[in-house]
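The structure appears below as structure tokens.
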Amino acid sequence: MPDFLVDEAIEDYAFVNTRAEPPLLQELIDQTNLNMGWPQKLSGRLVGRTLKMLAALVQPKQALEIGMFTGYSALSIAEGMPEDGKLICCETNPRAIEFAKGFYDRSEHGHKIEVIFGRALDTLETLDVELDFTFIDADKRNYLNYYERVKEMTRPGGLIVLDNVLWSGKVVQPESDIDDILVETNHRIANDPDVENVFLTVRDGLNVVRKLG
């Protein structure tokens, strides 16, 4: 699995020339690297600032994150949301939830975030909301299931953003079931008459999807 899908110097240049995240998020990165397994699951500055920018443009009152990990992307999204916005985060790792809540309690945007423990597909069946914005970054085997269910819940004009859609480049030459699911998800979105999308080669790939009316 390559660390960089584009030239490392270009990746570094983009990082340096993107406005830095707030100090609390920089601390969250450091503490995740020190104390949590799989710290590479963090979204990182380029994805995080993209999410914050998109949320600031959409101004979602009802938002969803599937796959929260230690809270970097959730706080990035919440930063761009209106003061009365609500972000529901689905997560199955109790330790990650405890870690993230410590940072939510210290953030001026933490009051916007509600964490629900459990399988996201089960949680989605309990929610009675019309979504303005969703970020999907969880188990890849369910990516297509997440997309289809979230699309049903999203208002016309709402955004769905899927992370890791390049899957370290494996979508170009798929070899496993998970690779195939990512390929199928990307193909389904590109050919879905209910949406328009742009596939961005940011970090490990972001698919930004807008539901049509």
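Derivation of every value follows stated rules applied to the coordinates shown; laboratory data play no part. Fair warning: this is a prediction, and the values are worked out from it, not measured in the lab. Every residue, glycine among them, receives a Cβ derived from its backbone with ideal geometry; neighbour counts consider all protein chains shown.
Only Cα pairs under 8 Å and 6+ residues apart enter the sum, and on that basis the relative contact order of region 105-190 stands at 27 percent.
The share of Cα pairs per 5 Å bin across region 8-211, counted from zero up to the longest distance, runs 1, 7, 16, 20, 22, 17, 11, 4, 1, 0 percent.
Shown is the FRET efficiency for residue 16 and residue 170, computed with R0 = 41 Å from the Cβ-Cβ distance and rounded to the nearest 0.05: 0.90. Can you give the calculated 222 nm mean residue ellipticity of the chain, where each DSSP H run of n ≥ 4 adds -39,500 (n - 2.57) and the sum is split over every residue, rounded to the nearest 500 deg cm²/dmol? Theoretical 222 nm ellipticity from helices: -12500 deg cm²/dmol. The ranking of 181, 160 by Cβ neighbour count inside 10 Å, starting from the fewest, reads 181, 160.
In this Cβ point-charge picture (+1 for Lys and Arg, -1 for Asp and Glu), the chain has a dipole of about 340 debye about its Cα centre. Helices of the chain meeting both criteria, an alpha-carbon length of 24 angstrom or more along the long axis and an average Kyte-Doolittle score not below 0.5, with helices taken as full DSSP H segments, do not occur. For residue 195, the residues 5 or more places off, or on other chains, whose built amide H falls under 5 Å of its own are 212.
On the basis of the beta-carbon distance and an R0 of 25 Å, residue 152 and residue 56 show a calculated FRET efficiency of 0.45. With N the number of residues in region 145-203, Rg(Cα) / (2.2 N^0.38 Å) evaluates to 1.16.
Note on residue 27 and residue 105: their simple-model spin labels are 1.3 nm apart, each label 7 Å out from Cα toward Cβ. Spin-label model, residue 8 to residue 35: label points 7 Å out along the Cα-to-beta-carbon direction sit 3.0 nm apart. The slack between residue 125 and residue 196, meaning 0.36 nm per residue of separation minus the straight C-alpha distance, is 23.0 nm.
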